[in-house]
1. Which one of the conditions (1) within 17 Å of residue A:22 (Cβ to Cβ); (2) away from every other protein chain (no Cβ under 11 Å); (3) at pLDDT 85 or above does residue A:56 fail to meet, given that it meets all the rest?
2. Identify, by number, the condition in (1) within 30 Å of residue A:67 (Cβ to Cβ); (2) surrounded by 13 or more Cβ atoms within 10 Å (Cβ to Cβ) that residue B:82 doesn't meet.
3. Check residue A:67 against each of (1) under 16 Å from residue A:142 (Cα atoms); (2) more than 15 Å from the chain's Cα centre (by Cα); (3) within 11 Å of chain B (Cβ to nearest Cβ) and name the one condition it does not meet.
4. When you look at residue B:173, is it within 14 Å of chain A (Cβ to nearest Cβ) and surrounded by fewer than 18 Cβ atoms within 10 Å (Cβ to Cβ), yes or no?
5. Any chance the range A:152-165 includes a residue that's in a helix (DSSP H, G or I) and either more than 14 Å from chain B (Cβ to nearest Cβ) or free of Cβ contacts under 8 Å to residues at least 60 places away in the same chain (or both)?
6. Please go through the range B:155-168 and give me each residue that is within 14 Å of another protein chain (Cβ to nearest Cβ) and in contact with a helix residue (DSSP H, G or I) (Cβ under 6 Å, 6 or more places away or on another chain), ordered by number.
7. Using the structure shown, decide if residue A:77 is within 14 Å of chain B (Cβ to nearest Cβ), in contact with a strand residue (DSSP E or B) (Cβ under 8 Å, 6 or more places away or on another chain) and assigned to a loop (DSSP other than H, G, I, E, B).
8. Going by the structure shown, is residue B:188 more than 30 Å from residue A:92 (Cα to Cα), without any contact (Cβ under 8 Å) to a residue 40 or more places away in the chain and surrounded by 16 or more Cβ atoms within 10 Å (Cβ to Cβ)?
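The values are calculated or read from the model by the stated rules, or taken from the named source; none is laboratory data. Small disclaimer: the values here were computed from a predicted structure and weren't measured. Cβ coordinates were reconstructed from backbone atoms using ideal geometry, including for glycine residues, and neighbour counts include every protein chain displayed.
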């Protein structure tokens, strides 16, 4: 086995992926990731930014333990100690909002659930079925589900993509509140630079496929207190790292 | 409403047919109804119906449980599918009569042989239907269950079975009608009671009235099961679907 799933030291997550390739339909191997190495300390919020299709989702799947076919080594909390918000909500359509959350987190307390639904404004939708929810609401349920298990590590795969700006920004704030109040180590994947600089403690800039870490940018100002100027400074710093073929897919 | 009209039309066609064919070949609806009432009064009807119904239910349950399990396994595990596929083709194409006769030859004219013969006849179609369902399972939900470390049994109950529900319902529906038809043949060939046995006697006596009486009575029983048991279960299983208001 090439993944030893134990957390040790102050680093909660230690990712070292030498190579990850898919067999394309033509039979040629398609290299998706190459020489990725980064770590996240306990309580840190890391953001992976990169162009669409660069292999970010593949990386999350490896970290989550869904994909074990790669060269390298990933040290992460074992299953049951990590949670993931997929790009699509992936709710069970035949269970209510509340049951969807309780099914993955059977031991969650009623008061924890009440708080969670309150922060995410889901209280009045507890007994609704996913088919009765808008995409924005369904995404929130997926976020609630991930937090309900009380994970050590939270993986978020572009959780706010295809929502309108106002709603995405609101959900970002809610997420930020939740992460802050629980000190959960979080890894978020996005291709939206604005989102990245608003949320990240540490930002990893990825190249186009095969993805490599181009730069690691720490942002030291606490999340809640970042002003517009500080955000644009951080953004400028990130863009500064984008020498060479600047990928137009990254919204700068 | 339309159903009632259509049913009434059937009765009228039956009357006309009986008029031209004569009472001996096709007795009129009233004659058959009287025969049903007479048999019911003596208690004979309920006994024979009951015996057949028990056989239907046992064979059906057996075939559905085992068939679903095998179908799920074949749909999920490629190796099992490759190993089992040719067996399945053989079983699917073995005539019901051959299975029944072999079961009686090998197991004697016993209740166990009778029920096994019926179950084996239903088994392959249940497997095929559920296998299709298992192939259509959403891998995205599987991954979700895996990431959140959901225990196997809970995954089966809350993620797999709800997705299989339409396939299980289809297998159940066609299964119930198939099983009861085969049970009659099994009874005709080797049991001393049941609707099939009664129809066998009536056949030897050229008693068309009796044949129709037993057949119709059992159709009513199946209809009752369909409306009182199958449909409520289906309604409950699909209550999460959006209703068109």
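1. If we test residue A:56 against (1) within 17 Å of residue A:22 (Cβ to Cβ); (2) away from every other protein chain (no Cβ under 11 Å); (3) at pLDDT 85 or above, just (3) comes out false.
2. Tallying (1) within 30 Å of residue A:67 (Cβ to Cβ); (2) surrounded by 13 or more Cβ atoms within 10 Å (Cβ to Cβ), residue B:82 fails exactly one: (2).
3. (1)
4. No: the conditions fail for residue B:173.
5. Scanning the range A:152-165 turns up at least one residue that is in a helix (DSSP H, G or I) and either more than 14 Å from chain B (Cβ to nearest Cβ) or free of Cβ contacts under 8 Å to residues at least 60 places away in the same chain (or both).
6. Matches in the range B:155-168: B:155, B:158, B:159, B:164, B:165.
7. Criteria met by residue A:77.
8. When the stated conditions are applied, residue B:188 passes them.
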